[in-house]
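The values are calculated or read from the model by the stated rules, or taken from the named source; none is laboratory data. Because the structure is predicted, anything quoted here is derived from the model rather than measured. Don't worry about glycine lacking a Cβ; one is built from the backbone with ideal geometry, like all the others, and counts go over all protein chains shown.
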Amino acid sequence: MQTTDRVRRVVILGGGTAGWMTAAALSRSFGTTVAITLLESDTIGTVGVGEATIPTIHWFNELVGIDEAEFLRATKATFKLGIEFVDWTAPGHRYFHPFGQFGATLPGVAFHHRWLKAQAEGLDVSLPALSLATQLAAQGRFAKPIGDARSILSTLGYAYHFDAGLYAAFLRQRSEAAGVTRIEGTLRHVERDRETGFVTSLMTERGERIGGDLFIDCSGFRALLIAGQMGEGYDDWSHWLPCDRAVAVPCARVAATTPFTRSTARAAGWQWRIPLQHRTGNGYVYASRHLSDDEAAATLLTNLDGEPLAEPRFLRFTAGTRRRPWRGNVVAIGLSAGFLEPLESTSIHLIQSGITKLLTLFPDRDCDPALADRFNTVFARDMDGIRDFLILHYHATSGRSEPLWTQCRTMALPETLVLREEQYRRSGRLILDTDELFRDASWLAVLNGQGIVAQGYNPLADAIDSATNRAQVRQIADIVARAAPTLPMHDAALAAMIGPA
């Protein structure tokens, strides 16, 4: 087999989380067969997206060969069982989006149809009572899932909160040890092949020339290669997701760690709270049309748990995507490919999703356009699905009268979301494609949490004797209630893995 046309040199423009995740994954996957060079500048700040993650982070850490205890220590990480949403449906209301599953895997129809049938027949068991992750989070406890399907612990899922800057530094150290070359500098000029339009090299301000076969654009919102050179445009989704600013402030950590991210709805957006070992991350994502930067900062500073540790830091963005993040021999990964606000902690997932797709479709030097087309198609599916899931949170509100929320409640929705909601209301069915990021439990948690109630359930559930079904649903709720208090508090579980702070 001929290998002369293989990609031998990969150049990554930009460091930060996206750049160093890409470098770590490529160096681990290709070893010394591909030379990897990363150009970044200490003078250019990084956004530092993603202090909170979702369970797909485990796949990436395993791919790169990261030991969990080492990772927890290096990034000041804590465990995350899900996201609590406060005041979203209406002021004073809260619900929890847990990782893992509701109920247990039983023969026949999906468990949530059993629950819907039992509810229709008078059983008073709430959805949160059927989630061990939800109950552990409420009690400040944590446990890792186990593989034995007979144990209620098998229904758990978890992710992490971590310091994004420390994570990038951790990956940089591993990448450089694996042979990745880092060049300190800023981009001055891009050289391209006149015939193919492919990028051939990057020139730095100091005159260094970095040649390559494949170029990865991790330059953040600036999108210096995919937009600046390849001319790829941007689909603006701000008519569905109108928040276009964020202000962030870390504060001193207080009390025991809550093993979940909290999202609290505010007048013009929402506030995040992310507990780490050494501090708590906070931010206010808001719509500038409805709130000034000064007002946003004041609101955030008024609603901190502890003393602020830095001055407020502002970020501007436009929700949306690039429909062709792979063009020619340039692949955009991270913010250069698109941006969706961190409401469901998807920023780092989208980085690793891009990396996964690139590894699966990794090209030869000719960068077969069919591979790029496939990459762009599946990436678009990812973005569209997450977009719809985020929009669901915004429009399904009933008790908020501020202009932003009125706008979101009355706006026209993507047809894909309309059809999904209508199907759930009618039949309790969650119509999901096999490769969608958010699975049944996630949609179920948010639909019910936001007050969208199913009027029916799968007729297959009627094949189960009603009394038996009610008894089984009740039994699982009882098992969850008995199990939760026996499991360790979060900080004890963390200390057991990494040793005392």
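A few points about this structure:
- Any chance residue 375 is of a type outside the set (Lys, Arg), out of contact with any Asp or Glu (no Cβ under 7 Å at 6 or more places or on another chain), over 30 Å from residue 264 (Cβ atoms) and in contact (Cβ under 8 Å) with a residue 12 or more places away in the chain: yes
- Restricting attention to the stretch 125-151, the residues that are among the small types (Gly, Ala, Ser), closer than 22 Å to residue 85 by Cα and in contact (Cβ under 8 Å) with a residue 12 or more places away in the chain add up to 7.
- The listed residue being modelled with pLDDT of 95 or more and in a helix (DSSP H, G or I), out of 388, 366: 388
- Candidates in the stretch 169-203 are the residues that are more than 25 Å from residue 30 (Cα to Cα) and among the acidic types (Asp, Glu); of these, the one that is surrounded by the most Cβ atoms within 10 Å (Cβ to Cβ) is 191.
- Checking each residue of the stretch 168-178 against the condition of being at pLDDT 95 or above and part of a loop (DSSP other than H, G, I, E, B) gives at least one match.
- Single residue of 417, 413 found to be assigned to a helix (DSSP H, G or I) and among the aliphatic types (A, V, I, L, M): 417
- Test result for residue 156, surrounded by fewer than 20 Cβ atoms within 10 Å (Cβ to Cβ) and either farther than 30 Å from residue 406 by Cβ or in contact with a Pro (Cβ under 9 Å, 6 or more places away or on another chain) (or both): no
- Subset of the stretch 439-450 [at pLDDT 95 or above and assigned to a loop (DSSP other than H, G, I, E, B)]: 450
- Taken as a whole, the condition of being modelled with pLDDT of 95 or more and outside the structural domain of residue 282 (by TED's automatic domain parsing) applies to residue 29.
- The residues on offer are 343, 335, and the sole one that is assigned by TED's automatic domain parsing to the domain that holds residue 194 and either part of a strand (DSSP E or B) or over 16 Å from residue 281 (Cβ atoms) (or both) is 335.
- Residue pairs meeting the criteria (Cβ under 7 Å; at least 6 apart or on separate chains; first under 9 Å from residue 385 (Cβ atoms), in the stretch 430-444; second assigned to a loop (DSSP other than H, G, I, E, B)): 432/439
- Filter pass, residue 428 being farther than 16 Å from residue 109 by Cβ, assigned by TED's automatic domain parsing to the domain that holds residue 112 and buried (at least 16 other Cβ atoms within 10 Å of the Cβ): no
- Listed by first and then second residue, the pairs linking a residue in the stretch 182-200 that is touching a residue at least 12 places away in the same chain (Cβ under 8 Å) to a residue that is among the β-branched types (Val, Ile, Thr) and surrounded by fewer than 13 Cβ atoms within 10 Å (Cβ to Cβ), with Cβ atoms under 9 Å apart and 6 or more places separating them unless they lie on different chains, are 186/43.
Rundown of residues vs (1) over 28 Å from residue 70 (Cα atoms); (2) within 30 Å of the chain's Cα centre (by Cα); (3) assigned by TED's automatic domain parsing to the domain that holds residue 39; (4) not small (Gly, Ala, Ser), yes/no style:
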{"position": "171", "(1), (2), (3), (4)": "no, yes, yes, yes"}
{"position": "178", "(1), (2), (3), (4)": "no, yes, yes, no"}
{"position": "187", "(1), (2), (3), (4)": "yes, yes, yes, yes"}
{"position": "196", "(1), (2), (3), (4)": "yes, no, yes, yes"}
{"position": "206", "(1), (2), (3), (4)": "yes, no, yes, yes"}
{"position": "214", "(1), (2), (3), (4)": "yes, yes, yes, yes"}
{"position": "227", "(1), (2), (3), (4)": "yes, yes, yes, no"}
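- Residues in the stretch 303-316 that are surrounded by fewer than 18 Cβ atoms within 10 Å (Cβ to Cβ) and either over 16 Å from residue 262 (Cα atoms) or among the basic types (Lys, Arg) (or both): 307, 308, 309, 310, 311, 313, 314, 315, 316.
- In the stretch 414-436, of all residues being of a type in the set (A, V, I, L, M) and within 19 Å of residue 457 (Cβ to Cβ), the one that is nearest to the chain's Cα centre (by Cα) corresponds to 432.
- Test: residue in the stretch 154-175 that is charged (D, E, K, R), touching an Asp or Glu at 6+ places or on another chain (Cβ under 8 Å) and over 30 Å from residue 396 (Cβ atoms): yes
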